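A.B. asks: What follows is a structure written as structure tokens; I'll ask about it next.
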Amino acid sequence: MARGHKHHDCPTTSKTKRKFCSQPSQSEVDEGVIDDGVDTAEEQACEPFADADEPLSGPFPGGPHDPSVLKSFKSHVAAAIWFNKEREPLKLQNHSYKLTQWVFDEHVANHKFWSYIDGSRLRPLVNCSYLIGNRVVVSAFCERWQPETNTFHLPFGEMTITLDDVFNILGIPIQGDSISVPEGVRLDKTYYASLLSSTLGVTIDEAKKEMSRYGGNGVTLEWLILRFQSVSDDSPLEFIEFAARGFLLYILGCTLFVDKTGNRINVIYLHFLLDLNRVGRYAWGAAGLAFLYRQLGLASRVGCRQIGGYLTLLEAWIYEHFRNVVSPHLRVEYLENEPRVNRWEPRKDAGLSLVYVQALRQQLDHMHAHEVIWDPYRGLREAHPLLEITFYTGMLKCLDIVEPYYPDRVLRQFGRVQIIPHNPYTPSRVRRVSDSKSYKVVYEYFDGLWQRWRDHVLADANRSIPVKFSYDCTPEYLSWYQKITHPYVRHPDWMSAAVDSNEENHPLQRISRALCITHSIVDVGRDDAIRQPMRLYEAIESIQHILLGNQVQNTRTYQRRRHVQNNE
């Protein structure tokens with residue numbers, strides 16, 4: 001049964017205002033404050049509409065027909081693409097390759113140092129990052145990101161990167177204290193210099209000099225290497241602790257909190273590295289997800305030309321859920337108890353021209369719900385558990401970045417039938433415009449809500465019922481969704497020069513059709529499959545014909561017969 005559209009304001013616990021605090025327990029949080037590194041005029045390549053920055057007040061060609069949800073859609077890159085105004089592939093701010101530049105001498109003992117790194121629970125980030133990002137894949141999915149819902153909008157429904165994905169893909173904590181500076185702390189240059197001095201052992205003058213090199217409150221990643229790469233067990237304990245904090249800050253700057261400055265990391269994160277024995281108690285995964293949500297929101301604007309955040313997380317999520325479209329390489333040596341990011345060898349860009357983005361765009365436009373891997377961890381929950389905090393509904397925070405988190409919009413990713421979700425939270429102030437440097441959104445946030453997350457999880461009654469097929473949703477949901485979304489990015493009259501994804505005999509299309517059959521066999525389960533050997537043989541025969549390029553009367557025989565059998 002469809003759920004009503006109840007107005008969904010941000011939950012609150014107190015209305016008490018506090019002063020002298022840039023991070024109060026209750027605050028209006030301004031998006032885009034932390035070194036978003038605004039795009040230069042040269043990068044503003046795609047011209048928006050004359051009225052692109054006006055809220056959507058009526059139907060938009062190709063959707064949404066109901067403007068109540070995607071209110072900023074006119075400034076979205078997909079709106080420009082609908083009218084044949086293209087954007088080149090995004091520039092990726094991917095610092096993962098820098099992790100290889102901090103070199104440790106394997107002949108030098110560093111047990112004390114690594115004990116601190118292991119205790120932080122962030123060590124998986126050292127070895128799991130993709131050194132080179134795929135601009136085509138990232139750009140095509142950014143075209144479908146809607147910041148009002150923090151979800152990707154596809155022809156058949158919404159999907160997003162959930163806390164469940166973060167935990168199982170990266171293997172870092174999603175529960176714990178929030179990355180939020182406590183009240184009473186004045187974030188000024190004096191505080192930053194003092195923080196840098198006390199945590200990394202530099203003088204106040206050295207701290208000010210390093211931060212002043214580029215302005216702002218950051219230090220360069222290269223500076224951290226030069227100061228601390230020589231650490232060993234023979235170093236004084238105090239220096240080992242300084243080096244551990246420096247390395248952890250370096251890891252964060254190369255992974256979770258990559259901004260558009262290119263080579264710097266905000267020193268405020270040192271506040272959370274003060275006590276090396278408490279670093280692992282923070283919800284780093286939740287903070288990284290909030291940061292990535294922000295970057296995706298900025299990248300969805302027509303005037304944005306680059307994206308930051310931890311793009312390894314984004315790419316690995318795409319590989320998990322859309323493996324039959326982007327075709328990543330499977331690492332045969334992967335062990336199931338490892339973070340899932342290690343399961344994939346990222347696919348390199350086939351090319352950087354716009355035509356490749358257009359080709360993937362068309363593939364996504366032609367996708368059907370049954371072609372998605374909705375719950376890639378199904379049957380693997382012993383190694384990759386579904387934690388209850390995944391169903392937390394509210395705000396995620398990373399310093400002054402606050403982003404809403406809506407598990408009820410993507411129930412199929414948890415093996416539940418998708419129903420109509422609640423309306424998104426209403427910002428207290430909003431300006432989602434085409435120019436990313438003017439993009440501002442303000443939400444009310446309360447630290448206490450995250451600390452009491454168990455009081456704010458999606459109720460069992462609102463989690464719907466288990467799916468029969470992984471893509472199940474209610475009829476009411478599809479009807480509602482088609483009204484509030486822009487399901488297809490490409491206008492049907494603007495044919496790209498890219499590969500025609502409708503061409504039945506194209507290799508990519510043949511692989512996609514074959515994978516549809518294999519996924520349906522996997523979905524039904526091994527026991528059921530071997531009890532029907534003739535149907536299993538027919539499915540294998542169909543796959544062979546498809547891959548050889550032969551005509552097949554019905555390439556979805558196995559799946560169609562499953563439907564008939566289940567209806568009987």
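A.B. asks: Going from most exposed to least, what order do 153, 491, 329 have by accessible area with a 1.4 Å probe?
C.D. replies: Sorted by accessible area, descending: 329, 491, 153.
A.B. asks: What figure in square angstrom, to the nearest 10, would you give for the accessible area of residue 189 with a 1.4 Å probe?
C.D. replies: Its accessible surface works out to 150 Å², give or take rounding.
A.B. asks: With every protein chain present, what accessible area does residue 111 have (1.4 Å probe, heavy atoms only), rounded to the nearest 10 Å²?
C.D. replies: For residue 111, solvent-accessible area is about 140 Å².
A.B. asks: Quick one: Karplus J couplings for region 95-107, per residue in order, coefficients 6.51, -1.76, 1.60, θ = phi - 60°, nearest Hz, x for Gly and Pro?
C.D. replies: 9, 4, 5, 5, 4, 7, 7, 8, 9, 9, 6, 5, 8
A.B. asks: Ranked from the most accessible area to the least, with a 1.4 Å probe and all protein chains present, what is the order of 126, 441?
C.D. replies: Result, largest first: 126, 441.
A.B. asks: Right, another one. Would you work out if region 267-383 is rounded, prolate or oblate? Take a ≥ b ≥ c from the square roots of the eigenvalues of the alpha-carbon gyration tensor; rounded if a/c is under 1.5, else prolate when a/b is larger than b/c, oblate otherwise. List each step's numbers first, then the result.
C.D. replies: Values: a/c = 2.17, a/b = 1.29, b/c = 1.69.
Oblate.
A.B. asks: Now for a separate question. For 188, 205, write out the residues from largest to smallest accessible area, computed with a 1.4 angstrom probe and no ligands counted. Can you show the working numbers first?
C.D. replies: Values: 188 65, 205 120 Å².
Result of the area sort, largest leading: 205, 188.
A.B. asks: What is the sum of charges around residue 105, taking Lys and Arg as +1, Asp and Glu as -1, for the other residues whose C-beta is under 13 Å from the C-beta of residue 105?
C.D. replies: It works out to a net charge of -3.
A.B. asks: If packing is taken as the average count of other Cβ atoms within 10 Å, what order do 131-141, 214-224, 290-300 fall into, highest mean first?
C.D. replies: 290-300, 131-141, 214-224
A.B. asks: With θ set to phi - 60° and the Karplus curve 6.51 cos²θ - 1.76 cosθ + 1.60, what are the ³J(HN,Hα) couplings of region 441-451 in order, to the nearest whole Hz, using x for Gly and Pro?
C.D. replies: Those phi angles translate into 9, 10, 10, 7, 9, 10, 4, x, 5, 5, 5 Hz.
A.B. asks: Now for a separate question. Can you give me the long-range amide H partners of residue 177? Hydrogens built in the peptide plane at 1.01 Å from N, cutoff under 5 Å, separation of 5 or more residues or another chain.
C.D. replies: The list, which skips near neighbours in sequence, is 282, 283.
A.B. asks: Pop out the carbon and sulfur fraction of the accessible area of region 439-485 as a percent, whole number, probe 1.4 Å.
C.D. replies: Working: 1250 of 2250 Å².
Roughly 56 percent of what the probe reaches on region 439-485 is carbon or sulfur.
A.B. asks: Under the rule of at least 5 residues apart or a separate chain, name every residue whose amide H is placed under 5 Å from the amide H of residue 473.
C.D. replies: For residue 473, whose amide H was placed from the backbone, the distant partners under 5 Å are 418.
A.B. asks: Taking K and R as +1 and D and E as -1, what net charge do the other residues with C-beta under 14 Å from the C-beta of residue 491 add up to?
C.D. replies: On the way: positive: 85, 361, 490; negative: 86, 143, 365, 493.
Taking every other residue near residue 491 into account, the sum is -1.
A.B. asks: Using a 7 Å offset from the Cα along the Cα-to-Cβ direction at both residue 452 and residue 336, what is the distance between the two label points in nm, to one decimal?
C.D. replies: 4.0
A.B. asks: Within the set of other residues whose C-beta is less than 10 Å from the C-beta of residue 279, count the net charge using Lys and Arg as +1 and Asp and Glu as -1.
C.D. replies: +3
A.B. asks: Moving on. Quick one: which of 400-406, 444-450 comes out on top by average Cβ neighbours within 10 Å, and what's the full order, highest first?
C.D. replies: Packing proxy ranking, top to bottom: 400-406, 444-450.
A.B. asks: If packing is taken as the average number of other Cβ atoms within 10 Å across a peptide's residues, how do 368-380, 412-424 rank, most packed first?
C.D. replies: In descending order of packing, they fall as 412-424, 368-380.
The values are calculated or read from the model by the stated rules, or taken from the named source; none is laboratory data. This is a predicted model, so every value here is computed, not measured. Backbone-built Cβ (ideal geometry, glycine too); neighbour counts: all protein chains shown. To get the accessible areas, we keep the full protein, side chains included, count just its heavy atoms, and leave off ligands, DNA and RNA. Shrake-Rupley method; radii C 1.70, N 1.55, O 1.52, S 1.80 Å.
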